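Let me begin by presenting the structure, written as structure tokens, before commenting on it.
Each value in this text was obtained by applying a stated rule to the coordinates, not by laboratory testing. These figures come from a predicted structure and were not determined experimentally. Cβ placement follows ideal geometry from the backbone for every residue including glycine, while neighbour counts extend to all protein chains displayed.
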Amino acid sequence: MGASDWNDGRADLAGPADRAARFDRAARAIADCQRRNREIVDGGAECPILVEGMKDERALRMLGFEGPIELMNRGWDRSRLVAYLYEKYSTRNLVDGGPPLILLMDWDRTGGRLQTALRDRLQALDVTVDEELRKVLLRTMKPEGRTVEAIAPYASALNPLIRAHLEEE
């Protein structure tokens, strides 16, 4: 599904007076997260992002994420998912010294509960998680939507900003 399939005419920066500034803050956070998500050979840390489902993954791919993205909704209970994440990623990120996993649940009530439950379970196993992208998107993209997949229609407006921030490397 391409960007045009998602674009319903809301994808430009026109709108509320603060939209351009909010999108720039969101783009900076997305660019920072993309750097960590990249493969090691591309200068990244291969830090995976955990999202709720396939539509969230599709939205992130539209925004330019190329590294590993893990799905929460895969038919497993939370205990099995946490065990899998612990085994696969708990000590993996030795590249940039940051948390080995990025948690990006939706910023609605259910997503907040999932974020808290997963963070608490992983931290109980001494696995730190990166929640910065979710915090920034919650503050900057809430008027446009409360889910990761709701960002997809804005990919055409965000992608040039993200590229500009990536070029600042």
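Do the conditions hold for residue 118, that is, is it in contact with a Cys (Cβ under 6 Å, 6 or more places away or on another chain) and in contact (Cβ under 8 Å) with a residue 60 or more places away in the chain? Spell out the reasoning first.
Numbers: in contact with a Cys (Cβ under 6 Å, 6 or more places away or on another chain): no; in contact (Cβ under 8 Å) with a residue 60 or more places away in the chain: yes.
No; evaluated as a whole, the condition is false for this residue.
Name every residue in segment 25-56 that is closer than 25 Å to residue 77 by Cα and small (Gly, Ala, Ser), in order of residue number.
Result: 53, single match.
Residues that are in contact (Cβ under 8 Å) with a residue 60 or more places away in the chain, at least 2 per element: which strands (runs of 3 or more DSSP E) completely within segment 13-103 meet that? Explain how you work it out, then say what you get.
Values: elements: 49-51, 69-71, 101-103.
Strands (runs of 3 or more DSSP E) meeting the threshold: 49-51.
When you go through (1) outside any helix (DSSP H, G or I); (2) more than 14 Å from the chain's Cα centre (by Cα); (3) not small (Gly, Ala, Ser) one by one for residue 146, which number turns out not to apply?
It fails just one condition, (2).
Taking the conditions exactly as written (of a type in the set (Ser, Thr, Tyr) and in contact with a Phe, Trp or Tyr (Cβ under 8 Å, 6 or more places away or on another chain)), does residue 84 satisfy them or not? Before you say what the answer is, go through the steps one by one.
On the way: of a type in the set (Ser, Thr, Tyr): yes; in contact with a Phe, Trp or Tyr (Cβ under 8 Å, 6 or more places away or on another chain): yes.
Spelling it out, residue 84 is indeed of a type in the set (Ser, Thr, Tyr) and in contact with a Phe, Trp or Tyr (Cβ under 8 Å, 6 or more places away or on another chain).
Filter segment 63-103 down to the residues that are within 27 Å of residue 40 (Cα to Cα), of a type in the set (A, V, I, L, M, F, W, C) and more than 12 Å from the chain's Cα centre (by Cα) and list them by number.
As a first pass, look at segment 63-103 and keep what is within 27 Å of residue 40 (Cα to Cα): 63-74, 81-103.
Pick out the ones that are also of a type in the set (A, V, I, L, M, F, W, C) and you get 63, 65, 69, 71-72, 81-83, 85, 94-95, 101-103.
Within segment 63-103, 72, 81, 82, 83, 85, 94, 95 meet the criteria.
If you check 126, 106, 120, which single one turns out to be more than 16 Å from the chain's Cα centre (by Cα) and either outside any helix (DSSP H, G or I) or buried (at least 19 other Cβ atoms within 10 Å of the Cβ) (or both)?
Details: 106 fails: more than 16 Å from the chain's Cα centre (by Cα); 120 fails: either outside any helix (DSSP H, G or I) or buried (at least 19 other Cβ atoms within 10 Å of the Cβ) (or both).
That would be 126, the only listed residue that is more than 16 Å from the chain's Cα centre (by Cα) and either outside any helix (DSSP H, G or I) or buried (at least 19 other Cβ atoms within 10 Å of the Cβ) (or both).
Report, by residue number, each residue of segment 121-157 that is of a type in the set (Asp, Glu) and without any contact (Cβ under 8 Å) to a residue 60 or more places away in the chain. Explain how you work it out, then say what you get.
Narrowing segment 121-157 to residues of a type in the set (Asp, Glu): 126, 130-132, 144, 149.
Passing the criteria: 126, 131.
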